[in-house]
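The values are calculated or read from the model by the stated rules, or taken from the named source; none is laboratory data. This one's a predicted model, so the numbers in the text were calculated from it and none came from an experiment. Cβ placement follows ideal geometry from the backbone for every residue including glycine, while neighbour counts extend to all protein chains displayed. The protein model used for the area step is the full one, side chains on, heavy atoms only, and it has no ligands, DNA or RNA in it. Shrake-Rupley method; radii C 1.70, N 1.55, O 1.52, S 1.80 Å.
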Amino acid sequence: MPTTASASFTSGADGGPTSLVARLSSGDPDVKLRALREVKNQIIGSKTKKLGYIKLGAVPRVASILSAAIADGDCFQPAPAASPRGMLGYSSNVVVQSAAALGSFACGFDEGVQAVLAAGALPLLVRLLDHPDDKVVDVGARSLKMIYQSEFAPKYEILERKSLEFLVSLLNREGENVTELGASIIAHSCRTVEEQKTMLEAGVLKRLVSLLDGSVGQRDASLGSLAAAFRNNAEVITEFMGPHGGKPFNAIFRLTVDSNPKTRLLACQCLIVIRNATDCYVQELGFKRKLVTTLLELLDDPGQVGDECPFVLSSLVEGKEDLHKIALEADAMVKLRNCMDKENVNPRRLRGVLLALADLCSKLESCRSTFLSMKVLKPLTGFLNHKEEDIRIAACTCLKNVTRSVKNLCAGYFMKNEALVNALILLLTDASEEVQVAALGVVSNIVVDFTTHKSMFVAHEGMQQLFCLSKSMVPAVRSNALRALRNMTFLADDKCKEAIYLGMTPSLIANLIRDDELSVKEQALALVRNLVDGSVGSIEQVFADDSIILDAVGSQLQCCPNAEVLLQGIYVLGNIACGNEIHKEAVTCLLFPLAGRGPEPFFVNFLLSSDSRLRLATIWVLINLTLPSPGALKRQERLQNEGVLSIVRSMVNDPCLDVKIRVRTLLTQTEHFGDF
């Protein structure tokens, strides 16, 4: 009777995995050696079997076999002169098989890397690099290379002298796997500016460029290492390459047409790192087009290259309008769309495609229009329900950028899409906080709806979910929920504002304004700013519960050092000052609590701030307080007596044009007080 693969890992029958793992501890050397070979052969290319054997404790036993063989010492003796070429003694054979098995566990499998490291195998494998037999050195280097291709590998301390000397010695060895190992360690561990500079000064970068003429493995490992050494370091790039790039740049660029797809991808990646770090290279239009077209060709690769290509493309176009235009002209949107349509697409590839589309739609309306014209919204909405968390987040990221389209927001294009609205509201209750934050980013955009379609979001309990998330224990969730509510109240009618006041008590709003997180404070104040922008009735709400909201605003203006928080707070006062006499007097009392003592220090600081935005917002408060109304003359006189207008007079030639215009508006409005 046939059994499933997973069931076989629980079997204790002879020849089963449990029995095989037990034979790794056999006292018979030949049985142990055969068990090593069998384990190694079974796990090659199968993550399921690797995980099964890890759970059965195979990795520590294999590491123990390797440790015992090394401790025995015989494996480090040269093979007898009479031994046929390529033949190994028993101890060396055990070393080769155990090291190869450890490498197989680590190959492309993070759980395997973690198990190998936990078993203490790393220093054992490093010792094999000094073995007199090239075959043993080679297998040790291959296994170490598998480990250092994982993010779970320990960081190599490049700055330590002995470690650096050892690393340089690896790069200068003759064996391909050993030099590839050295390059892989650099790619994994070269992270800081100091480490990058050390690589340059030690001549490592020059050696890596020379390896670009070596084997495919050496080329690929060297390209990855160079990218690590160049990342975000214009000084190292310029010093190494010279003013025009010269031989190093040309050596990398010519590999963009290499016959090996992985080499082409890594060459593009290295050039992108160079371009993103400095304006000296890869700026010509021809270079940019070459990178875009090469990457679009590599999208069709059915293997790992095709899976990684969208991420490299994303790093190329991120935030760069000129490259968005080039990519659009090269039909990048269409090719990425085609990748989404393929059956059984690899989840990593799909995530990369979604992120690349997100970057392409981040700036230009033409890209967003092209995206929407391809009827992508329906499948993209489907990806919001994908079982993979990363895919849901990537789909939200893509939608967030697409929904920046003012043209389509004005038409209610997104809010009228019931399937999209329902999917987003469902994500607001996702078990993953990262997904919640990503979904809130989309919601924040689509609720800025210039039509009357917000009712669909409200009818589907979307607003209730935002109220709940504003109380989240996670600061990013609270902040983004408040941002969505803030955007929902942009130019909203009184009915929408009333619903928010009903869903959020004055004490909750006040507590959010006083939140420990600056981003939460800012968004809470911005929400209140929008709520009090409009009718007298909406302003009246901030005076509920003994003016608890207004008091919270005042406390932040007095003590918070963050300009973004202060800006939102002062605009709250400016909007309240547009209300009736009671509202205006409340603002006046907040700014001038004691007659004859001058304004609150923060208010003077805002007028004299180096931040023109704060100066402008503060002038707007004064303009609104002195608009024609029954109590305007009294407030104008108070401004004069408290010395505020003398400060304003000194601002008539403010370097900021907007401030200058509003200062003159205020002075004109109060011109019958004093000599101006």
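Suppose R0 equals 25 Å. What FRET efficiency, 1/(1 + (r/R0)^6) with r the Cβ-Cβ distance, do Lys206 and Arg161 give to the nearest 0.05?
Details: r = 19 Å, r/R0 = 0.77.
It comes to 0.80.
Accessible area per residue of the chain at 1.4 Å probe, in Å²? Could you put the intermediate results ahead of the total?
Details: 29900 Å² over 676 residues.
For the chain, the solvent-accessible area averages 44 Å² per residue.
Gap in Å between the Cα centre of region 496-573 and the Cα centre of region 578-639?
18
Once Rg and Dmax of the Cα atoms in Å is worked out from the coordinates, which option in (i) 27.1, 91; (ii) 33.1, 114; (iii) 39.1, 138 does it equal?
Of the labelled values, this structure produces (ii).
How large a share of the accessible area of the chain, in percent, is made up of carbon and sulfur atoms when the probe is 1.4 Å and the other protein chains stay in place?
On the way: 15520 of 29900 Å².
Carbon and sulfur atoms account for 52 percent of the accessible area of the chain.
For Lys40, go through the lysines and keep the ones whose alpha-carbon is under 29 Å away, minus same-chain ones fewer than eight residues off.
Lys32, Lys49, Lys50, Lys55, Lys135, Lys145, Lys155, Lys262
Identify all lysines with a Cα-Cα distance to Lys400 below 22 Å; exclude those on the same chain that are fewer than 8 residues away in sequence.
Leaving aside lysines fewer than 8 places away in the same chain, those within reach of Lys400 are Lys320, Lys325, Lys335, Lys363, Lys375, Lys378, Lys387, Lys416, Lys454.
By the gyration tensor of its Cα atoms, with a ≥ b ≥ c the square roots of the eigenvalues, what is the shape of region 215-296: rounded for a/c under 1.5, prolate for a/b over b/c, or oblate?
Working: a/c = 1.76, a/b = 1.23, b/c = 1.44.
Oblate, since a/c reaches 1.5 and b/c is not below a/b.
Helix 581-591 versus the longest principal axis of the chain: what is the Cα-based angle in degrees, 0 to 90, to the nearest 10?
60
What lysines could a cross-link reach from Lys584, if we take a straight Cα to Cα line under 19 Å and drop same-chain neighbours fewer than 8 places away?
Output for Lys584: Lys634.
Using alpha carbons only, how many angstrom separate the centre of region 135-207 from the centre of region 398-431?
About 47 Å separates the Cα centre of region 135-207 from the one of region 398-431.
Quick one: compute the contact order of region 592-676, relative version, from alpha carbon pairs under 8 angstrom and 6+ residues apart, as a percent. Walk me through the numbers before you get to the answer.
Details: 68 pairs, mean separation 25.7, N = 85.
Taking the mean separation of contacting Cα pairs over the length of region 592-676, I get 30 percent.
Between the helical axis of 632-641 and the dominant principal axis of the chain, each derived from Cα atoms, what acute angle in degrees is found, rounded to the nearest 10?
It works out to around 70 degrees.
Using the Cα centre of the chain as the reference point, and only Cβ charges (+1 on K/R, -1 on D/E), how large is the resulting charge dipole? Debye, rounded to the nearest 20. Please report the intermediate quantities before stating the final value.
Numbers: 72 positive and 75 negative charges, 202 e Å.
Using only the charged Cβ atoms, the result is roughly 980 debye.
Label region 284-387 by shape, choosing from rounded, prolate and oblate, from the square roots a ≥ b ≥ c of the eigenvalues of the Cα gyration tensor; if a/c is under 1.5 it is rounded, and otherwise prolate applies when a/b is larger than b/c, oblate when it is not. Mind dumping the intermediate values first?
Details: a/c = 1.96, a/b = 1.24, b/c = 1.59.
Note, shape of region 284-387 comes out oblate.
Put +1 on the Cβ of every Lys and Arg and -1 on every Asp and Glu Cβ in the chain; which of Ser650, Val353, Asn338 then has its Cα farthest towards the positive end of the dipole?
Sorting the options by dipole projection puts first Asn338.
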